[in-house]
Amino acid sequence: GSTIGIIGGGQLGRMLSVAAAQLGYRCHIFDPHERPPAADVSAAFTRAAFDDRAALDRFAADVDVATYEFENLAVAPLEGLGDKLRPGTKSLAVAQDRATEKDFLERCGARVAPWRAVATLADVDAAVAELGVPIVLKTRRYGYDGKGQAWIHSPDEARTAWQAIGEEPAVAEAGVAFDAEYSVIIARWADGRHAIWDSSENVHREGVLRTSTVPCGAFVAGQIDEARSAAQRIAEALGHIGVLTVEFFAGADGPVVNEIAPRVHNSGHWTIEGAVTSQFEQHIRAICGLPPGSTDLVSGGAAMDNLIGDDLDRWPELVAEPGAHVHIYGKGEARPGRKMGHVTRLSRRA
Ligand code: ATP
Ligand code: MG
Ligand code: MG
């Protein structure tokens with residue numbers, strides 16, 4: 001068997017490793033932490049900083065193909081991986097900077113919320129004047145789970161919000177009055193073949209995903225075709241290889257892209273039990289050039305609940321519940337807001 005390198009050792013890397021092992025691959029995890037969740041289930045682990053070129057070069061020599069489970073990586077140190085890196089650095093560079101990302105999405109013909117790049121408080125005030133309120137400020141880089149974001153509900157809140165995000169380069173984005181949120185998860189192969197799962201409807205609380213449910217409701221279903229076309233154009237324009245996630249708001253006038261993730265995604269965890277081929281297996285298939293697996297549902301639908309912080313205490317009742325598929329990430333301390341695991345329940349075939 002050959003070796004797959006995974007940069008980032010969190011829960012996504014862990015679930016990728018499990019899927020890769022099932023297909024006969026060996027995984028090598030690259031992560032700066034002492035004992036990342038993915039290292040527990042993989043054959044090899046390099047502990048080094050993400051921008052440690054010498055360590056990355058040794059890692060590159062050990063693996064046949066490499067991927068990443070995390071987009072906040074410096075791009076330049078990865079250049080040594082060359083064609084082994086799938087998806088490539090273009091997907092990474094676009095997805096890790098919200099201004100570059102939005103500009104790229106618009107060039108792909110996808111709709112995004114009206115936005116401005118801001119670098120000073122004066123820019124924020126100008127954005128508020130031009131776009132109106134509510135506005136959300138999001139740092140261009142390093143945000144996840146709603147971190148690095150602050151809302152502006154009236155013009156006099158601009159300064160507080162600007163300070164709250166650390167006066168970092170940011171985007172100011174109009175608040176979208178959406179009916180629902182959903183995601184399109186697409187896997188693309190080097191030769192342009194692709195596979196798309198049913199879209200889940202996603203519910204967030206305090207910027208963190210709580211639940212993903214398939215099938216989606218009628219309102220979302222009415223705009224899925226348009227959303228899928230946009231996701232396909234984005235994957236194509238990136239030359240993306242592997243799984244790509246596009247998060248959408250279901251707006252009154254159709255799909256509005258929130259953001260993209262160049263990787264498997266929390267809103268696709270239901271595919272582990274709920275689809276013939278999981279997003280993790282499909283990503284491995286796509287980066288290794290294996291044939292696409294079916295994305296069909298195996299039942300009438302699925303509901304995934306995240307286990308966040310103290311939710312982990314519910315583990316005894318969850319493992320006792322018939323049909324509840326429990327996943328624990330092995331992350332150690334259950335801090336508030338931290339994703340510790342998830343549980344998926346399938347519904348019967350309709
Ligand atoms: P993650 O990468 O973990 O999905 P993130 O930190 O990149 O999260 P976003 O996806 O930008 O954050 O925002 C998190 C949530 O905040 C969204 O899913 C949505 O519920 C809400 N939100 C973000 N931007 C807007 C907006 N412009 N209008 C309305 N709601 C928004
Ligand atoms: Mg994000
Ligand atoms: Mg998001």
Hits in region 256-277 - residues which are away from ligand 3 (no atom under 15 Å from the Cβ) and surrounded by 23 or more Cβ atoms within 10 Å (Cβ to Cβ):
TRP270, THR271, GLY274, ALA275
Filter region 232-263 down to the residues that are within 11 Å of ligand 2 (Cβ to nearest atom) and either of a type in the set (D, E, K, R) or part of a helix (DSSP H, G or I) (or both) and list them by number.
GLU247, GLU259, ARG263
Within region 1-16, considering residues that are in a helix (DSSP H, G or I) and not aliphatic (A, V, I, L, M), the one surrounded by the fewest Cβ atoms within 10 Å (Cβ to Cβ)
GLN11
Residues (assigned to a loop (DSSP other than H, G, I, E, B) and either in contact (Cβ under 8 Å) with a residue 24 or more places away in the chain or more than 24 Å from the chain's Cα centre (by Cα) (or both)) located in region 131-151
GLY132, VAL133, PRO134, ARG140, ARG141, TYR142, GLY143, TYR144, ASP145, GLY146, LYS147
Sort through GLY132, GLY109 and tell me the only one that's closer than 19 Å to ILE234 by Cβ, loosely packed, with under 14 Cβ neighbours inside 10 Å and not hydrophobic (A, V, I, L, M, F, W, C).
GLY109
Which of the residues spanning region 129-151 are within 13 Å of ligand 2 (Cβ to nearest atom) and farther than 25 Å from PRO336 by Cβ?
ARG140
Screening ALA95, ALA150, ALA117, ALA66 for residues that are modelled with pLDDT of 95 or more, crowded, with 22+ Cβ neighbours inside 10 Å and within 16 Å of ligand 1 (Cβ to nearest atom) leaves only ALA95
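Give me the residue from region 152-179 that is assigned to a strand (DSSP E or B) and away from ligand 2 (no atom under 16 Å from the Cβ) and, out of that set, farthest from the chain's Cα centre (by Cα).
Our first condition is that a residue be assigned to a strand (DSSP E or B); within region 152-179, this holds for 152, 170-174.
From the residues that got through so far, the ones that are away from ligand 2 (no atom under 16 Å from the Cβ) too are 152, 172, 174.
Details: ILE152: 25, ALA172: 21, ALA174: 22 Å.
Going through the qualifying residues, I end up with ILE152.
Can you tell me which residue among ASP83, ASP57, ASP51 is touching a residue at least 24 places away in the same chain (Cβ under 8 Å) and exposed (fewer than 15 other Cβ atoms within 10 Å of the Cβ)? Write out each step before concluding.
Details: ASP83 fails: touching a residue at least 24 places away in the same chain (Cβ under 8 Å); ASP57 fails: touching a residue at least 24 places away in the same chain (Cβ under 8 Å).
From the options ASP83, ASP57, ASP51, the qualifying one is ASP51.
The values are calculated or read from the model by the stated rules, or taken from the named source; none is laboratory data. Predicted model only: the values in this text are computed from it and were never measured. Cβ sites come from the backbone with ideal geometry, for glycine too, and all protein chains shown count toward neighbours.
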